[in-house]
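Written out below as structure tokens is the structure these notes cover.
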Amino acid sequence: MIELKPEKPEDWWEVEALFDLCFAPGREALSSYRLRDGVAPVPGLSQVARDENGILAGAIRFWPVRVGGQPVLLLGPVAVHPTHQGEGLGAVLIEGGVEAARRGGWARVMLVGDAPYYGRFGFERIEDVVMPPPTNPDRVLGQALVAGGWDGLSGPVIKWNEPAGD
Ligand SMILES: CC(C)(COP(=O)(O)OP(=O)(O)OC[C@H]1O[C@@H](n2cnc3c(N)ncnc32)[C@H](O)[C@@H]1OP(=O)(O)O)[C@@H](O)C(=O)NCCC(=O)NCCS
């Protein structure tokens with residue numbers, strides 16, 4: 001049985017180790033990490049999933065960013081331990097996180113990932129929204145959490161605490 005709980009500060013390094021295991025080496029060189037440097041994750045949205053022995057089976061984190069001066073939720077990293085992949089845990093983490101974000105008043109969510117996987121959760125290419133390089137534009141995906149949540153938004157994705165235009 002897997003139990004989900006909000007991530008606590010003491011979970012931090014265990015979650016980092018899971019991400020190290022699940023992603024290719026050098027994950028922190030990805031452009032999405034530049035948007036996270038020096039910015040705290042969104043309080044209450046990040047989740048850890050543990051098995052009946054307390055072993056970490058999966059985790060998801062969320063950061064705030066901005067596009068066109070508007071707040072945008074950046075989903076990820078999300079990872080499931082190889083011994084639990086294919087059991088639906090990734091879906092639970094992603095769908096639960098997106099729903100919690102909607103309840104929390106976020107109007108839109110984005111991520112950098114594989115469209116074939118994230119498409120099943122309602123994510124699609126967001127044209128004209130530009131991640132810092134190097135990012136394959138085909139992997140820049142988004143979902144509106146309120147009607148028209150992405151309408152009129154375009155341009156670079158910037159850090160939450162970075163003044164627009166810098
Ligand atoms: C991606 C990940 C979070 C999915 O978690 P999971 O618990 O295995 O996913 P689920 O059980 O909900 O879904 C499994 C399904 O997703 C598919 N899937 C997994 N990763 C996929 C990908 N990158 N592209 C397309 N399909 C993918 C599986 O083939 C499986 O398909 P099926 O339902 O048709 O059998 C997990 O595989 C993982 O941690 N991978 C390494 C880290 C990573 O890539 N994270 C995502 C960053 S973009």
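The values are calculated or read from the model by the stated rules, or taken from the named source; none is laboratory data. What you see is a predicted model; the values in this text were computed from it and never measured. Note that each Cβ is placed from the backbone with ideal geometry, even for glycine, and that neighbours are counted across all protein chains shown. To get the accessible areas, we keep the full protein, side chains included, count just its heavy atoms, and leave off ligands, DNA and RNA. Shrake-Rupley method; radii C 1.70, N 1.55, O 1.52, S 1.80 Å.
Okay, here's what the table says:
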| item | result |
| --- | --- |
| Any hit, segment 151-164, residues being free of Cβ contacts under 8 Å to residues at least 12 places away in the same chain and more than 9 Å from the ligand (Cβ to nearest atom) | yes |
| Long-range neighbours under 7 Å by Cβ, at least six apart or interchain, first residue closer than 28 Å to Ala40 by Cα and within 6 Å of the ligand (Cβ to nearest atom) within segment 77-94, second β-branched (Val, Ile, Thr) and open to solvent by less than 70 Å² (accessible area, probe 1.4 Å) | Val78/Ile60; Val78/Ile94; Leu89/Ile2; Leu89/Val80; Gly90/Val78; Gly90/Val80 |
| Lone qualifier among Val65, Val72, Val39 - being assigned to a loop (DSSP other than H, G, I, E, B), surrounded by 13 or more Cβ atoms within 10 Å (Cβ to Cβ), away from the ligand (no atom under 14 Å from the Cβ) and hydrophobic (A, V, I, L, M, F, W, C) | Val39 |
| Tally, over segment 102-127, of residues that are open to solvent by 40 Å² or more (accessible area, probe 1.4 Å), assigned to a helix (DSSP H, G or I) and among the hydrophobic types (A, V, I, L, M, F, W, C) | 1 |
| From the options Leu21, Leu89, Leu75, residue that is of a type in the set (A, V, I, L, M, F, W, C) and under 21 Å from Val130 (Cα atoms) | Leu75 |
| Pair list, Cβ < 9 Å and 6+ apart or interchain, from segment 118-131 residues that are within 18 Å of Leu35 (Cα to Cα) to residues that are among the β-branched types (Val, Ile, Thr) and open to solvent by 30 Å² or more (accessible area, probe 1.4 Å) | Met131/Val112 |
| Residue list for segment 131-143, filter: away from the ligand (no atom under 14 Å from the Cβ) and loosely packed, with under 15 Cβ neighbours inside 10 Å | Pro133, Pro134, Pro137 |
| Test: Glu99 is farther than 21 Å from Asp11 by Cα and either assigned to a loop (DSSP other than H, G, I, E, B) or open to solvent by 10 Å² or more (accessible area, probe 1.4 Å) (or both) | yes |
| Some residue of segment 42-56 being part of a strand (DSSP E or B) and within 14 Å of the chain's Cα centre (by Cα) | yes |
| Some residue of segment 11-21 being part of a helix (DSSP H, G or I), more than 19 Å from Gly88 (Cα to Cα), away from the ligand (no atom under 16 Å from the Cβ) and at pLDDT below 95 | no |
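Yes/no per residue for (1) at pLDDT 95 or above; (2) aliphatic (A, V, I, L, M); (3) over 24 Å from Ile126 (Cβ atoms):
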residue: Pro6; (1), (2), (3): yes, no, yes
residue: Pro25; (1), (2), (3): no, no, yes
residue: Pro41; (1), (2), (3): yes, no, no
residue: Ala49; (1), (2), (3): yes, yes, yes
residue: Val67; (1), (2), (3): yes, yes, no
residue: Ala91; (1), (2), (3): yes, yes, no
residue: Glu95; (1), (2), (3): yes, no, no
residue: Gly105; (1), (2), (3): yes, no, no
